[in-house]
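Accompanying notes for the structure given below.
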Amino acid sequence: MEGGRYEQYVYSYPHKLAYGPIEPARSLAEVWAREPKDSLFLYVHVPFCEQRCGFCNLFTFANPNEELPDRYMAALERQMLRTRAALGAGATFSQYAVGGGTPTYLSAASLARLLDRLSEVMGLDTRAPGSVETSPVTATEARLRVLRERGVTRVSMGVQSFDDEESASVGRRQSARDVHEAVRRIRGLGFPTLNLDLMYGLPEQSEARFLASLRAALEHRPEELYLYPLYVRRLTVLGRATTTGADDRRWDDVRVALYRAGRALLLSEGYAQVSMRMFRRGDAPATTAEASYQCQRDGMVGLGPGARSYTDRVHYSTAYAVGPQRVRSILESYADATQEDFDCIIWGYELSDEEKRRRFVLLSLLHESGLDCSAYANRFGADPREHVPELAELLLANASEPLLVRRGDRLVLTSAGLERSDQIGPYLMSAAVRERVARGPSA
């Protein structure tokens, strides 16, 4: 493998940067017609935040005017009606998530309206496991009560750091005191799962400061913790202000050292590693949805601008952008869309048989459970190494410290392999996807 350890975060495949115009446009009902729909994932994207963090390259708009969230909500309801009609009466959702942006940027009343409409229009069973993202500033008692009363089972907060100077260095207006108070509010309402996101590789961050921040998070004993390496990407605030980038090997070394220190602390505190980023407390029960929904196999229905939907053959969304002007333009188009506009798919990626095979391999391998070769062969008719020759090369790489090993009928990344997930993921992409991703997002 060439390049540094931090090439690209691959959390889905094909990556959203590979999407483009679908011509001719595809009918929503036709795309979903032959799909299994008994265990779908429902995702809703709320593209608003109270601030744009310096590292953020998500599809979001900071501090919109008062009318835009209301127009967004009205358009979202129009999209729900057309999507539910296209799916048909038999579609059911095994779990759901509301992300962003920051969904709790919406008022308590708008959050209630959103969740109620998911139940009334989309047919979402409120007993299904559901996750909502929040922030220290917007996690108010009123908003959190709306979530709890409607059965939300998981609240995820992007903290990034409990160190005020580190937070300020990436443009986050928050104090550690406010973060602790917000987490206590979440805990006080009894949500079954709390997730906290922390970041390593921040400007001037030492190992001692990072571990102090991680210990502050551990005071709340979250069921889940995600450790994210800082990326400085094009078009972000940090990307415009610094020359540090993915080719800076010294920064790679800093991030690797911080990752290892954080991982060691979490393992010593009884957390199990699920992926490069995700750690789960050892005594925290896995949700029933994890057994019923498999991202390599099942579909996802996305609602809202920036949300992606996955069928077996077609992945689709609205266009994606980072720069505020282009984001605002996409939001305006979404808010003005009629019900009929949501009947067609015009932006996405049509998967070849090769891409479907690589998707199965990638999403399996970057998880601690690894790639089930029998399950792969049952679906695709061959050993995965025949279809994805890079797997054989990974098995032979780094003989002194293997990255990939065979355990029974599974191919599993070692701890050395997991920490290279952001290098292995891009390595396993097809040449066509890699070329599209290299172009980057639109301004």
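The values are calculated or read from the model by the stated rules, or taken from the named source; none is laboratory data. Keep in mind that this is a model prediction, so the values were computed, not measured. Cβ placement follows ideal geometry from the backbone for every residue including glycine, while neighbour counts extend to all protein chains displayed.
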Check: So is THR193 crowded, with 16+ Cβ neighbours inside 10 Å, in the same structural domain as LEU147 (by TED's automatic domain parsing) and touching a Cys at 6+ places or on another chain (Cβ under 7 Å) or not?
Finding: no
Next item on the list: Please find, among ALA89, ALA75, the residue that is among the small types (Gly, Ala, Ser) and either assigned to a loop (DSSP other than H, G, I, E, B) or out of contact with any Asp or Glu (no Cβ under 8 Å at 6 or more places or on another chain) (or both).
Entry: ALA89
Next item on the list: Please indicate, with yes or no, whether at least one residue in the range 21-33 is buried (at least 20 other Cβ atoms within 10 Å of the Cβ), under 18 Å from LEU235 (Cα atoms) and in contact with a helix residue (DSSP H, G or I) (Cβ under 9 Å, 6 or more places away or on another chain).
Entry: no
Item checked: Some residue of the range 16-27 being in contact (Cβ under 8 Å) with a residue 24 or more places away in the chain, part of a loop (DSSP other than H, G, I, E, B) and under 26 Å from ARG434 (Cβ atoms) -> yes
Notebook entry, point to check: Just one of ALA112, ALA97, ALA108 is surrounded by fewer than 22 Cβ atoms within 10 Å (Cβ to Cβ) and in contact with a Phe, Trp or Tyr (Cβ under 7 Å, 6 or more places away or on another chain); which is it?
Noted result: ALA97
Notebook entry, point to check: If you go through the range 129-153 one residue at a time, how many are over 30 Å from ALA208 (Cα atoms) and surrounded by 20 or more Cβ atoms within 10 Å (Cβ to Cβ)?
Noted result: 9
Checklist line | Lone unmet requirement of (1) closer than 16 Å to LEU111 by Cβ; (2) within 24 Å of the chain's Cα centre (by Cα) for GLU141 | finding: (2)
Notebook entry, point to check: Here are PRO47, PRO129, PRO69: which of them is touching a strand residue (DSSP E or B) at 6+ places or on another chain (Cβ under 9 Å), farther than 24 Å from ALA286 by Cα and in contact (Cβ under 8 Å) with a residue 60 or more places away in the chain?
Noted result: PRO47
Check: Take the residues of the range 333-371 that are in a loop (DSSP other than H, G, I, E, B) and of a type in the set (S, T, N, Q): which is nearest to THR83 (Cα to Cα)?
Finding: GLN339
Notebook entry, point to check: Pick from ARG406, ARG326: which is among the basic types (Lys, Arg) and either assigned to a loop (DSSP other than H, G, I, E, B) or closer than 27 Å to LEU227 by Cα (or both)?
Noted result: ARG406
Next item on the list: All but one of (1) of a type in the set (Lys, Arg); (2) free of Cβ contacts under 8 Å to residues at least 24 places away in the same chain; (3) touching a Leu at 6+ places or on another chain (Cβ under 7 Å) hold for LYS37, so report the exception by its number.
Entry: (2)
Check: When the range 254-284 is examined, which residues are found to be of a type in the set (Ser, Thr, Tyr), part of a helix (DSSP H, G or I) and surrounded by fewer than 20 Cβ atoms within 10 Å (Cβ to Cβ)?
Finding: SER268
Check: Do you know which residues across the range 369-389 are crowded, with 16+ Cβ neighbours inside 10 Å and acidic (Asp, Glu)?
Finding: ASP372
Check: Does the range 236-245 contain any residue that is surrounded by 15 or more Cβ atoms within 10 Å (Cβ to Cβ) and assigned to a loop (DSSP other than H, G, I, E, B)?
Finding: yes
